[in-house]
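Bear in mind these aren't lab numbers, they're just calculated from the coordinates by the rules spelled out. As the structure is a computational prediction, the values presented were derived from the model and not from experiment. Virtual Cβ from ideal backbone geometry, glycine too; neighbours counted across all protein chains shown.
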Amino acid sequence: MRTRTLRFGLYADEQGLAWVTGIIGEAVGSRSARILGEAVHHTLPGSDITAADMYDLLADQWAWEHPGQNSGTRELVELRVQLACSLRTWRAIRKTVLQTLCPEGMAPHACRVPWFAA
């Protein structure tokens with residue numbers, strides 16, 4: 001097994017971030033993989049680029065889907081989760097997470113937590 005990384009840009013508050021990490025934990029727990037660590041970044045590692053610059057479209061998405069609502073404590077971040085697993089397992093976990101983050105598929109809807117899979 002190799003170390004592999006799941007990366008997601010998120011526009012989330014503390015509860016939204018906990019929801020996303022819970023989804024990842026469930027997807028990992030049902031397969032032969034281990035979470036080695038997770039980190040929330042405001043600046044992308046090895047770069048001067050901020051998560052706000054990289055994922056600014058997510059704040060715009062939230063504002064468009066929730067007109068007139070206060071965004072509260074939401075902020076733009078990148079969540080990185082290190083996994084020990086095979087490539088096949090990583091792909092299955094990523095697919096499960098994406099489907100769970102956006103269960104409505106392609107139909108118009110409002111995301112609970114706007115996200116971008118990196």
Item checked: Selection count, the range 21-74, where residues are farther than 30 Å from Thr3 by Cβ and not in a loop (DSSP other than H, G, I, E, B) -> 7
Note to self: Can you say whether Arg88 is touching a residue at least 40 places away in the same chain (Cβ under 8 Å) and either farther than 15 Å from Leu101 by Cα or basic (Lys, Arg) (or both), as far as the supplied structure shows?
What the structure shows: no
Note to self: Please determine whether any residue of the range 65-74 is β-branched (Val, Ile, Thr) and buried (at least 16 other Cβ atoms within 10 Å of the Cβ).
What the structure shows: no
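Kindly indicate whether Leu58 is aliphatic (A, V, I, L, M) and in contact with a Gly (Cβ under 7 Å, 6 or more places away or on another chain).
For Leu58, the condition - aliphatic (A, V, I, L, M) and in contact with a Gly (Cβ under 7 Å, 6 or more places away or on another chain) - is met.
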Margin query: Can you pull out every residue in the range 75-93 that is of a type in the set (D, E, K, R), in contact with a strand residue (DSSP E or B) (Cβ under 6 Å, 6 or more places away or on another chain) and surrounded by fewer than 21 Cβ atoms within 10 Å (Cβ to Cβ)?
Written below: Arg80
Notebook entry, point to check: Looking at the range 41-50, is at least one residue surrounded by 13 or more Cβ atoms within 10 Å (Cβ to Cβ) and in contact (Cβ under 8 Å) with a residue 40 or more places away in the chain?
Noted result: no
Notebook entry, point to check: Thr3 versus (1) within 21 Å of Cys102 (Cα to Cα); (2) among the β-branched types (Val, Ile, Thr); (3) not in a helix (DSSP H, G or I): which is the lone unmet condition?
Noted result: (1)
Notebook entry, point to check: Any idea how many residues of the range 28-50 are within 13 Å of the chain's Cα centre (by Cα) and either closer than 20 Å to Cys102 by Cβ or not small (Gly, Ala, Ser) (or both)?
Noted result: 3
